[in-house]
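**Q** Starting off with a structure, shown below.
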Amino acid sequence: MAAAAPAIEVPAPRDTVAAKVLRGVAKAPLQIFLAALGLLWLVPTFGLFITSILPVQSVASEGWWQFFTHPSRVTWSNYDALFHNSGLTDALKTTAYIAVGNTLLIVVIGAMAGYAFAWLDFPGRDWLFIGVIGLLVVPIQMALIPMFKLYDIFGIFDTVIGIILFHAAFGLPFAIFLLRNFFIGLPKDILESARIDGANEFIIFLRLILPLGLPAIASLAIFQFLWTWNDLLVALVFGQNVQPITVWIAGQLREFGTSIDIIAPASFISLIVPLLVFLAFQRYFVQGLLAGSVK
Amino acid sequence: MAAPPPPAEPGRFGRYAVTVVFLTPALLLLGAWMAYPVVYTVIRSFFGQTGYLGHWVGFDNYKTLFVPFTLSNPLLNAIKNNLIWVAVVPAFVTAIGLIFAVLTERVRWAVAFKLVVFLPMAISALATGVTWRIMYQQDPSLGAVNALVRSIRDAVTPPGVLQDASPSTPALQGSPQTGLTLKTLLHPGSVARLGLTAIPPDAVPSSAKQAAQPASKSGDIVGVVWRDFKPGGGKPGVVEKGEQGLPGVSVQLKSSDGKVVKTAKSGADGSFDFSNMPQGSYQAAIGASSFAKPFAGWGWLGPNLITWSLIIAYIWIWAGFAMVVIAAGLSAMPRDVLEAARTDGATELQVFRRVTVPLLAPVLSVVFITMIINVLKIFDLVFALAPQSSQTDANVIALAMWRVAFGGQNDFGTGSAIAVFLFLLVIPVLALNIRRFRRDV
């Protein structure tokens, strides 16, 4: 965009108020269309939220949008009951352990490997990196059966650590890919001069690469956090009593109609955390997304 | 973290040692959790159902995917569904993302719009599944989607006033499904009495009043539609006190050749009036539309629509992704090219088709390919949104693998074969990724 600076400054035509209004009116259909689309996009999530704060009898007899005519039916008792439900609170804790543990692990291991691929010279580096790229698309299904057996043998089936390690492994190709590509773009002379000054690789990694790579590391961390918080498949296979919130809710789905006063608020709780994380760090999230898909 | 070793000038061996330290954790994880399983699963797919390896069965596990070659084979059905997903979703998501990205460029609050459309990306597929199950409930008074369909349908073809009724006398013939016709021939000046029974009291429209006693009018054909019943019975075919008129019924007047020449709506007292009729003989009838059943809701979660319902929810999730990636491509586009096209007199549509889209082609193809992989691997939305009763019909390859291996059958042989099959489907994309990398290096 910076390249598009015009050679000759053309004075911008001065906008009269009338011209502004006119342009606004001309855009009105588009504005209305987009506003309607935006509202439409919000309806499902809003419906879930309203369903979660209505008593179960009311949900079973009329649509959630009737809440507009009977706002007095709103009750927090569903949430109240849920937070006294040890099934849900345990599941929330498990989810947090898995999401935070995996994020930390993958940031550390991914950054180290990313640094090695970007700045350390060793034979076969490019081939190894091609291997990592190859692993990017391996479906999780390819590992379920063998790891299910291995976990059994090593006694980490149905443990938080087992689930974290599985996530970490499947998140690593993306982590290495993302961080290597970011690190390789860091200014070479800074690193070279640090090496000449006698700093060893560990110091360079800790003092230079990690601080400079923070934007990419933040993207990766947010990605991994959301990915593991929202995961269903891995925990479904490798957990039994250890259940994150997605698996816990999935266990209630068979009685969808009668347990809606549990399912709807639990689903809303499960989505509010990633939503807040996303809203707080959306810039990094989008950066990671773009780095992962467009190069 | 270990304390950094003293900053000695590392020799060749020292440098490799550093590399080993940095790479080992990652390679261990990748080796044990990805490389080994890939090899094992490929081998395992040629062995029987149970055991660490089981017994050699050759390609039998793969055959179950395609034999018998009918859609009653749940695995083949899963493949068919995945084909539908691949054929529909990437194209739709890319197109919608492109349209959204181009449109939002023109409004000031683009950031807010993008945020709203992108939000579903942050939500788990499970929560999305629950959300859309609420939206898709069949009863139009519970499910928002069917409520919307109902209000559109009611605006186009209003539902009948009555859902069911029978004639009170044999003079009225036919059935609610085909419409009821009064046998008696009518002439200007005649009176038509259309008596109906078998109407539950709560089905009578609330605006109904005491039925009118129609009086003959010269030149007009007048009549009454009424509920020919009162507590205690009453006399069939006679309008009595306590019997209600049926308002809003559309009465048709047919000429002798059966053509509808006029229609009239009955009033609150059930009366209707065809005024100034030319001479001739006519028949009065109540059209079937008066008995049209109200909209009962489409079975979005039923076996026939489930895949399409899933696809709608999936597009709701991923449109934001496509929009954001394409918008980033748009903002990186050379503005002067667009401006030049506009100065040369190209319309907005021409600029879009001839300049914007071709320049965006690389970004569009990235979105498209990403969506193909995502759709091939789709699992959790189907698992969460499709009710148990529809999961066989909604089945996709990744879900089929889970169901066969972990969902009760514990068939690790077939499960491995399905996983390998899925892997084979994404390998072209893998090759594409590697080629892109080697070109860049």
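The values are calculated or read from the model by the stated rules, or taken from the named source; none is laboratory data. Keep in mind that this is a model prediction, so the values were computed, not measured. Backbone-built Cβ (ideal geometry, glycine too); neighbour counts: all protein chains shown.
**Q** Got a number for residues in the range A:178-202 being surrounded by fewer than 16 Cβ atoms within 10 Å (Cβ to Cβ), over 19 Å from A:Gln287 (Cβ atoms) and among the aliphatic types (A, V, I, L, M)?
**A** Of the residues in that region, 2 qualify.
Yes/no per residue for (1) at pLDDT below 95; (2) over 30 Å from A:Ala175 (Cβ atoms); (3) of a type in the set (Gly, Ala, Ser):
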position: B:Gly48; (1), (2), (3): yes, yes, yes
position: B:Leu53; (1), (2), (3): yes, yes, no
position: B:Val57; (1), (2), (3): yes, yes, no
position: B:Asn77; (1), (2), (3): no, yes, no
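**Q** Return the only residue of A:Leu253, A:Leu172, A:Leu144 being within 13 Å of another protein chain (Cβ to nearest Cβ), under 15 Å from A:Ala99 (Cα atoms) and surrounded by 18 or more Cβ atoms within 10 Å (Cβ to Cβ).
**A** A:Leu172
**Q** Any chance you could count how many residues in the range A:57-84 are out of contact with any His (no Cβ under 9 Å at 6 or more places or on another chain) and either within 13 Å of chain B (Cβ to nearest Cβ) or among the polar types (S, T, N, Q) (or both)?
**A** 15
**Q** Could you check B:Leu385 against (1) within 11 Å of chain A (Cβ to nearest Cβ); (2) more than 17 Å from the chain's Cα centre (by Cα) and say which number it fails?
**A** So B:Leu385 meets the others, but not (2).
**Q** Which is over 30 Å from B:Pro387 (Cβ atoms), assigned by TED's automatic domain parsing to the domain that holds B:Trp316 and modelled with pLDDT under 95, of B:Leu172, B:Leu115, B:Leu186?
**A** Numbers: B:Leu172 fails: assigned by TED's automatic domain parsing to the domain that holds B:Trp316; B:Leu186 fails: assigned by TED's automatic domain parsing to the domain that holds B:Trp316.
Answer to the selection: B:Leu115.
**Q** Can you confirm whether B:Tyr62 is within 8 Å of chain A (Cβ to nearest Cβ) and surrounded by 14 or more Cβ atoms within 10 Å (Cβ to Cβ)?
**A** So B:Tyr62 fails the test.
**Q** In addition: What are the residues in the range B:129-146 that are basic (Lys, Arg) and part of a loop (DSSP other than H, G, I, E, B), if any?
**A** none
**Q** If the Cβ limit is 7 Å and pairs must be 6+ apart or interchain, which residue in the range B:107-136 that is at the interface with chain A (Cβ under 7 Å from one of its Cβ atoms) and touching a residue at least 12 places away in the same chain (Cβ under 8 Å) pairs with which residue that is crowded, with 18+ Cβ neighbours inside 10 Å and among the acidic types (Asp, Glu)?
**A** Correct list of pairs: B:Ala125/B:Asp380; B:Leu126/B:Asp380.
**Q** Another question about this same structure. Going through the range B:381-404 one residue at a time, which ones are among the small types (Gly, Ala, Ser) and assigned to a helix (DSSP H, G or I)?
**A** Passing the criteria: B:Ala384, B:Ser389, B:Ser390, B:Ala394, B:Ala398, B:Ala400.
**Q** Return the pairs, sorted by first residue and then second, in which the second residue is among the aromatic types (Phe, Trp, Tyr) and assigned to a helix (DSSP H, G or I), the first residue lies in the range B:87-105 and is within 14 Å of chain A (Cβ to nearest Cβ) and over 19 Å from B:Leu349 (Cβ atoms), the beta carbons are less than 9 Å apart, and the residues are 6+ apart or on different chains.
**A** B:Pro90/B:Phe368; B:Val93/B:Tyr314; B:Val93/B:Trp318; B:Val93/B:Phe321; B:Val93/B:Phe368
**Q** Something else about it: If A:Thr51 satisfies every condition in (1) surrounded by fewer than 21 Cβ atoms within 10 Å (Cβ to Cβ); (2) within 13 Å of chain B (Cβ to nearest Cβ); (3) of a type in the set (Ser, Thr, Tyr) but one, which is the exception?
**A** With (1) surrounded by fewer than 21 Cβ atoms within 10 Å (Cβ to Cβ); (2) within 13 Å of chain B (Cβ to nearest Cβ); (3) of a type in the set (Ser, Thr, Tyr) applied to A:Thr51, the lone miss is (1).
**Q** Looking at the range A:131-149, which of its residues are in contact (Cβ under 8 Å) with a residue 60 or more places away in the chain, of a type in the set (A, V, I, L, M) and in a helix (DSSP H, G or I)?
**A** Just the residues of the range A:131-149 that are in contact (Cβ under 8 Å) with a residue 60 or more places away in the chain, to begin with: A:140, A:144, A:147-148.
Restricting the remaining residues to those that are of a type in the set (A, V, I, L, M) gives A:140, A:144, A:147.
Within the range A:131-149, A:Leu144, A:Met147 qualify.
**Q** Follow-up question, since we're still on this one. Among the residues of the range A:154-184 satisfying the criterion of being over 23 Å from A:Leu212 (Cβ atoms) and β-branched (Val, Ile, Thr), which is farthest from the chain's Cα centre (by Cα)?
**A** A:Ile156
**Q** Here is a list: B:Phe291, B:Phe272, B:Phe229. Which entry is farther than 25 Å from B:Asp154 by Cα and among the aromatic types (Phe, Trp, Tyr)? Don't jump to the end; show me each part of the working.
**A** Numbers: B:Phe291 fails: farther than 25 Å from B:Asp154 by Cα; B:Phe272 fails: farther than 25 Å from B:Asp154 by Cα.
So the residue among B:Phe291, B:Phe272, B:Phe229 that is farther than 25 Å from B:Asp154 by Cα and among the aromatic types (Phe, Trp, Tyr) is B:Phe229.
**Q** Let me ask you something else. Would you point out which residue out of A:Thr75, A:Thr69, A:Thr89, A:Thr51 is touching a Phe, Trp or Tyr at 6+ places or on another chain (Cβ under 6 Å) and farther than 30 Å from A:Leu178 by Cα? Quick ask: steps written out before the conclusion?
**A** Numbers: A:Thr75 fails: touching a Phe, Trp or Tyr at 6+ places or on another chain (Cβ under 6 Å); A:Thr69 fails: touching a Phe, Trp or Tyr at 6+ places or on another chain (Cβ under 6 Å); A:Thr89 fails: touching a Phe, Trp or Tyr at 6+ places or on another chain (Cβ under 6 Å).
Only one candidate qualifies: A:Thr51.
**Q** While we're looking at this one, here's another question. On the basis of being over 30 Å from B:Leu301 (Cβ atoms) and either buried (at least 23 other Cβ atoms within 10 Å of the Cβ) or not assigned by TED's automatic domain parsing to the domain that holds B:Asn82 (or both), does B:Arg435 make the cut?
**A** For B:Arg435, the condition - over 30 Å from B:Leu301 (Cβ atoms) and either buried (at least 23 other Cβ atoms within 10 Å of the Cβ) or not assigned by TED's automatic domain parsing to the domain that holds B:Asn82 (or both) - is met.
**Q** Does A:Val137 meet the test of being at the interface with chain B (Cβ under 8 Å from one of its Cβ atoms), over 19 Å from B:Thr24 (Cα atoms), at pLDDT below 95 and buried (at least 19 other Cβ atoms within 10 Å of the Cβ)?
**A** Here the answer is yes, as A:Val137 does meet what is asked.
**Q** Let me ask you something else. Counting only residues that are in a loop (DSSP other than H, G, I, E, B) and surrounded by fewer than 22 Cβ atoms within 10 Å (Cβ to Cβ), how many does the range B:294-344 have?
**A** Qualifying residue count for the region: 14.
**Q** Just give me the residues in the range A:96-131 being facing another protein chain (nearest Cβ under 7 Å) and aliphatic (A, V, I, L, M), in sequence order.
**A** Within the range A:96-131, A:Ile109, A:Met112, A:Ala113, A:Ala116, A:Leu120, A:Ile130 qualify.
**Q** Something else about it: Pull out all pairs, ordered by first then second residue, where Cβ-Cβ is under 6 Å, the residues are six or more apart or on different chains, the first lies in the range B:1-24 and is at pLDDT below 90, and the second is β-branched (Val, Ile, Thr).
**A** Here the result reads B:Pro4/A:Ile203, each pair linking the range B:1-24 to a residue that is β-branched (Val, Ile, Thr).
Table: residues versus (1) at the interface with chain A (Cβ under 7 Å from one of its Cβ atoms); (2) of a type outside the set (Lys, Arg); (3) touching a helix residue (DSSP H, G or I) at 6+ places or on another chain (Cβ under 6 Å); (4) within 30 Å of B:Leu76 (Cβ to Cβ).
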{"residue": "B:Arg354", "(1), (2), (3), (4)": "no, no, no, no"}
{"residue": "B:Leu360", "(1), (2), (3), (4)": "no, yes, yes, no"}
{"residue": "B:Asn374", "(1), (2), (3), (4)": "no, yes, no, yes"}
{"residue": "B:Thr414", "(1), (2), (3), (4)": "no, yes, yes, yes"}
{"residue": "B:Phe437", "(1), (2), (3), (4)": "yes, yes, yes, no"}
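**Q** State the number of residues belonging to the range B:284-314 that are modelled with pLDDT of 90 or more and of a type in the set (Phe, Trp, Tyr).
**A** Result for the range B:284-314: 4.
**Q** Do any residues in the range B:170-185 that are over 11 Å from B:Ala284 (Cβ atoms) have Cβ atoms under 9 Å from those of residues that are surrounded by fewer than 16 Cβ atoms within 10 Å (Cβ to Cβ) and of a type in the set (Asp, Glu), where the two are at least six apart or on different chains, and which pairs are they?
**A** Cβ pairs passing all conditions: B:Pro176/B:Asp164.
**Q** As an exercise: evaluate A:Asp152 against (1) more than 8 Å from chain B (Cβ to nearest Cβ); (2) outside any helix (DSSP H, G or I); (3) of a type outside the set (Gly, Ala, Ser) and give the number of the one condition it does not meet.
**A** Just one mismatch for A:Asp152, condition (2).
**Q** Yes or no: the range A:82-94 includes at least one residue that is β-branched (Val, Ile, Thr) and buried (at least 16 other Cβ atoms within 10 Å of the Cβ).
**A** yes
**Q** So which helices (runs of 4 or more DSSP H) stay within the range A:168-250 end to end and still have 1 or more residues that are among the aromatic types (Phe, Trp, Tyr)? Let's see the steps before the verdict.
**A** Working: elements: A:188-196, A:214-230, A:233-238, A:245-250.
Helices (runs of 4 or more DSSP H) meeting the threshold: A:214-230, A:233-238, A:245-250.
**Q** If you don't mind, another one. Specify which of the listed residues (B:Ser365, B:Ser389, B:Ser416) is of a type in the set (S, T, N, Q), out of contact with any Asp or Glu (no Cβ under 9 Å at 6 or more places or on another chain) and crowded, with 21+ Cβ neighbours inside 10 Å.
**A** Within the list B:Ser365, B:Ser389, B:Ser416, the selection yields B:Ser416.
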